[in-house]
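The structure appears below as structure tokens.
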Amino acid sequence: MLFFREKMDQNLIDQIRRANDIVDVIQGYLPLKRVGSNFRGLCPFHNDSRPSLYVSQSKQIFKCFACGKAGNVIGFVADFEKLTFIEAVKKLAQRAGIQVPEYEKTKVVNTKREQLLSVYKSAAEFFTSSLFAFGQNVLDYLKKRSFSPETAKELQLGYALNSEKALLNHLLKEGYSVSLLKDSGLFGNYGGGLTDLFKDRLMFPIHNSLGEVIAFGGRILEPKEGVGKYINSPGTELYTKGKELYGLYKTKYNISKAGTAIICEGYFDFLRLYENGFTNSVASLGTALTEDQINLLARFCNRIIILYDGDSAGIKAAVRAGLLCLSRGMEVLIANLPAEEDPDSLILKQGKIAMQEVVDKSIPLINFLATDPRPEQPTAERIELILDALRILKDRIKQELLLQEVSDAFGVTVGALNSKLRRSSASVSAESSEQIVPQYESFEERNVLALALKDYESYKLLANDLDSSYFNNKRYRQVYNFLITQNLKSEPWEPAALLDNIENNEIKESLAELLFEDLQQMCFEDCLSGLRIRKVQRDLEEMDRAISKDPKNMELLKEKEKLALKYRQMTRKVVNKVLY
């Protein structure tokens with residue numbers, strides 16, 4: 001089997017980036033004001049109250065010095081519009097009037113993830129075609145539940161045939177290997193032979209936020225003794241339970257636009273909400289909401305409405321989920337459904353206007369815990385649950401504001417709440433402080449990296465004359481290791497190209513920060529000499545520690561003597577340079 005992925009020629013990407021001035025593009029999304037040689041505006045990637053986003057026209061990069069978000073013009077469009085890298089490039093190409101081939105397929109070998117994605121794409125297409133070719137009973141079931149064929153098509157629902165090997169045979173014909181299919185999570189292995197995991201089920205494809213199918217959920221149509229109503233794909237290289245949100249790939253743009261997400265529990269709840277215009281919804285795939293899911297959602301919004309079932313189990317799950325969101329600093333509201341209803345049933349019985357009223361009347365989590373009789377905990381425990389969430393919150397200003405809300409809602413003084421919060425926080429800090437290893441800033445390392453990005457000659461000198469052992473700071477060592485793998489061109493010198501499609505955000509943010517540095521008064525060669533001297537100093541200190549453990553080791557003593565001579569020669573050169 002040959003595997004293909006969409007790939008764009010790097011020369012075309014460079015042409016598109018150059019044709020889109022970063023200041024002009026960003027000003028199409030938000031106002032910028034010139035400040036010295038740069039431009040500044042409110043950062044759209046966090047709740048920015050004072051302008052923290054800086055844009056350099058000369059370097060064609062942006063960086064928020066509050067939340068750390070950084071990149072070039074392609075990265076900004078991708079992050080702002082929640083697009084993939086290639087989607088953002090295509091959008092900018094259209095803006096600049098540059099023709100882009102519909103797609104360019106490049107053979108990929110030895111990439112397990114790419115191969116599995118191809119398997120899941122083929123499986124999803126097979127299930128969907130089976131639904132409309134052989135799944136009349138499933139379409140009748142969906143019709144009985146008042147779901148239209150259009151909804152089934154739009155959300156790529158499917159049907160797993162009532163056969164032991166229907167999917168297996170289809171994928172084998174497509175050319176996939178047995179060993180790959182064994183690892184896909186789509187098959188059971190009984191008696192040494194593979195059989196389809198999903199049989200005679202309505203199929204829900206589970207996508208990641210990029211829209212790639214990475215798993216499936218399957219529901220039986222009629223109850224069967226000893227058979228679970230739902231089964232989901234097991235964990236694979238593509239999918240980990242509790243890390244994805246059903247429907248997010250469809251609704252992420254509307255969530256970002258509204259600044260609010262509605263979280264429901266199940267597949268049918270999501271389908272009903274989506275079909276009725278609540279297109280900023282997601283489902284937690286029937287599991288308790290996890291920190292990974294909250295972190296994923298926080299990329300798109302900061303306001304959450306939890307719309308779980310109205311029974312006691314739903315209320316308990318909603319409170320737990322709300323507290324997790326609160327600890328992340330998000331605004332959390334609880335939608336109040338009648339005890340016997342879920343989102344699907346309420347819309348069926350009363351219509352979308354009734355559901356809109358429920359959403360509009362959602363209650364802030366803290367007020368809900370203070371006033372609603374259904375949570376099982378007594379008042380003191382409810383307050384403690386909120387304080388537990390606030391202890392995790394790193395934003396001290398937001399923490400103080402929320403303490404005031406707790407005080408107003410429960411009628412407890414802020415002083416008493418603060419005292420309880422700080423006492424517990426101090427004990428937590430004491431327990432964890434022993435595990436923290438400080439990462440010291442190294443100005444020599446920082447300056448060498450910043451200056452190496454100023455011109456091609458310095459960049460090549462950095463790559464050729466040093467290795468990663470010269471960088472004691474973990475962050476700068478990562479940046480160095482990334483830089484030496486890049487193939488930057490001398491003409492034109494475009495360090496902003498380094499920020500194309502970097503998956504590691506820490507490296508991307510560090511690079512952007514270094515590119516913003518203005519070290520005109522510093523000489524690269526002098527900084528390089530200082531870094532080499534600092535490296536020899538560290539080697540000498542390490543040698544001293546080794547000798548203290550083995551003072552009679554003559555080899556160590558000889559090595560130290562050589563290092564000490566090298567150190568004296570290096571420092572003498574520096575002194576002579578300063579004097580003469």
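What pairs come up if the first residue lies in region 114-133 and is more than 22 Å from Asn162 (Cβ to Cβ), the second is surrounded by fewer than 20 Cβ atoms within 10 Å (Cβ to Cβ) and of a type in the set (D, E, K, R), and their beta carbons are under 8 Å apart, counting only those six or more places apart or on different chains?
Within 8 Å, the pairs are Glu114/Arg5; Leu116/Asp183; Leu116/Glu237; Leu117/Glu212; Lys121/Glu212.
Each row is one residue, and each column tells you yes or no for (1) touching a Cys at 6+ places or on another chain (Cβ under 7 Å); (2) open to solvent by less than 10 Å² (accessible area, probe 1.4 Å); (3) in the same structural domain as Gly322 (by the TED database).
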{"position": "Lys229", "(1), (2), (3)": "no, no, no"}
{"position": "Thr260", "(1), (2), (3)": "yes, no, yes"}
{"position": "Asp269", "(1), (2), (3)": "no, no, yes"}
{"position": "Arg272", "(1), (2), (3)": "no, yes, yes"}
{"position": "Ser281", "(1), (2), (3)": "yes, yes, yes"}
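Here are some conditions: (1) in a strand (DSSP E or B); (2) surrounded by 15 or more Cβ atoms within 10 Å (Cβ to Cβ). Asn20 meets all but one. Which one does it not meet?
(1)
Could you list, in sequence order, all residues of region 23-51 that are outside any loop (DSSP other than H, G, I, E, B) and either surrounded by 14 or more Cβ atoms within 10 Å (Cβ to Cβ) or out of contact with any Gly (no Cβ under 8 Å at 6 or more places or on another chain) (or both)? So that I can check it myself, show each step before the final result.
Keep residues of region 23-51 that are outside any loop (DSSP other than H, G, I, E, B), which gives 23-27, 33-35, 38-41.
Listed by number, the residues that qualify are Val23, Asp24, Val25, Ile26, Gln27, Arg34, Val35, Asn38, Phe39, Arg40, Gly41.
Looking at (1) of a type outside the set (Phe, Trp, Tyr); (2) at negative phi; (3) at pLDDT below 95; (4) open to solvent by less than 40 Å² (accessible area, probe 1.4 Å), which one does Gly329 not meet, given that it meets all the others?
(2)
Given Glu164, Glu87, Glu114, Glu125, which one is under 30 Å from Cys43 (Cα atoms) and of a type in the set (D, E, K, R)? Give the derivation first.
Numbers: Glu164 fails: under 30 Å from Cys43 (Cα atoms); Glu114 fails: under 30 Å from Cys43 (Cα atoms); Glu125 fails: under 30 Å from Cys43 (Cα atoms).
Of the residues listed, the single one that is under 30 Å from Cys43 (Cα atoms) and of a type in the set (D, E, K, R) is Glu87.
For region 353-369, name all the residues that are more than 18 Å from Ala261 (Cβ to Cβ) and either surrounded by fewer than 20 Cβ atoms within 10 Å (Cβ to Cβ) or over 34 Å from the mean Cα position of the chain (by Cα) (or both).
If the condition is that a residue be more than 18 Å from Ala261 (Cβ to Cβ) and either surrounded by fewer than 20 Cβ atoms within 10 Å (Cβ to Cβ) or over 34 Å from the mean Cα position of the chain (by Cα) (or both), then Ile353, Ala354, Glu357, Asn367 are the ones that fit.
Cβ contacts < 6 Å: first residue among the polar types (S, T, N, Q), restricted to region 156-168; second residue open to solvent by 20 Å² or more (accessible area, probe 1.4 Å) and part of a loop (DSSP other than H, G, I, E, B), any location; separation 6+ or different chain. Result?
Going by the 6 Å Cβ cut-off, the qualifying pairs are Asn162/Lys199; Asn162/Asp200.
Any residue at all in region 15-22 that is at pLDDT 85 or above and at positive phi? Write out each step before concluding.
The first filter runs over region 15-22 and keeps only residues at pLDDT 85 or above, leaving 15-22.
Checking the rest, the ones that are also at positive phi come to none.
Scanning region 15-22, I find no residue that is at pLDDT 85 or above and at positive phi, so the answer is no.
Please list, ordered by residue number, the strands (runs of 3 or more DSSP E) wholly in region 230-295 having 1 or more residues that are over 21 Å from Leu117 (Cβ atoms) and modelled with pLDDT of 95 or more.
Details: elements: 230-232, 260-264, 281-283.
Correct list: 260-264, 281-283.
Kindly indicate whether Glu154 is in contact with a Phe, Trp or Tyr (Cβ under 9 Å, 6 or more places away or on another chain), over 19 Å from Asn232 (Cα atoms) and open to solvent by less than 70 Å² (accessible area, probe 1.4 Å).
Details: in contact with a Phe, Trp or Tyr (Cβ under 9 Å, 6 or more places away or on another chain): yes; over 19 Å from Asn232 (Cα atoms): yes; open to solvent by less than 70 Å² (accessible area, probe 1.4 Å): no.
No.
From (1) free of Cβ contacts under 8 Å to residues at least 60 places away in the same chain; (2) of a type in the set (A, V, I, L, M, F, W, C); (3) open to solvent by 80 Å² or more (accessible area, probe 1.4 Å), pick out the condition that doesn't hold for Ile392.
(1)
Go through region 42-65 and report how many residues are free of Cβ contacts under 8 Å to residues at least 40 places away in the same chain and on the phi > 0 side of the Ramachandran plot.
Here the count works out to 0.
Restricting to region 52-79, what's the tally of residues that are open to solvent by 50 Å² or more (accessible area, probe 1.4 Å) and of a type in the set (Phe, Trp, Tyr)? Explain how you work it out, then say what you get.
Start the filter on region 52-79 by keeping residues that are open to solvent by 50 Å² or more (accessible area, probe 1.4 Å), which leaves 54, 57-59, 65-67, 69.
Retained after the next criterion (residues that are of a type in the set (Phe, Trp, Tyr)): 54, 65.
So the answer is 2.
Considering only region 207-227, state which residues are open to solvent by 20 Å² or more (accessible area, probe 1.4 Å) and either out of contact with any Leu (no Cβ under 6 Å at 6 or more places or on another chain) or closer than 13 Å to Ala123 by Cα (or both).
Residues of region 207-227 that are open to solvent by 20 Å² or more (accessible area, probe 1.4 Å), as a first pass: 210-212, 219, 221-227.
Answer for region 207-227, where residues must be open to solvent by 20 Å² or more (accessible area, probe 1.4 Å) and either out of contact with any Leu (no Cβ under 6 Å at 6 or more places or on another chain) or closer than 13 Å to Ala123 by Cα (or both): Leu210, Gly211, Glu212, Leu221, Glu222, Pro223, Lys224, Glu225, Gly226, Val227.
Which numbered condition trips up Phe204, out of (1) of a type in the set (Phe, Trp, Tyr); (2) without any contact (Cβ under 8 Å) to a residue 12 or more places away in the chain; (3) in contact with a helix residue (DSSP H, G or I) (Cβ under 7 Å, 6 or more places away or on another chain)?
(2)
Looking at Gln136, is it surrounded by fewer than 20 Cβ atoms within 10 Å (Cβ to Cβ) and within 25 Å of Pro234 (Cβ to Cβ)?
No; evaluated as a whole, the condition is false for this residue.
Inside region 395-419, can you point out the residues that are over 26 Å from the mean Cα position of the chain (by Cα), more than 15 Å from Pro364 (Cα to Cα) and open to solvent by 80 Å² or more (accessible area, probe 1.4 Å)?
Thr413
Could you tell me how many of the residues in region 169-199 are closer than 16 Å to Gln115 by Cα, charged (D, E, K, R) and either open to solvent by less than 60 Å² (accessible area, probe 1.4 Å) or touching a residue at least 12 places away in the same chain (Cβ under 8 Å) (or both)?
3
The values are calculated or read from the model by the stated rules, or taken from the named source; none is laboratory data. Treat the numbers as computed from the prediction; the structure is a model and nothing was measured. Ideal geometry is used to build each Cβ from the backbone, glycine not excepted, and the neighbour counts take in all protein chains shown. For the accessible areas, the whole protein counts, side chains as well, though only heavy atoms, and no ligand, DNA or RNA atoms are used. Shrake-Rupley method; radii C 1.70, N 1.55, O 1.52, S 1.80 Å.
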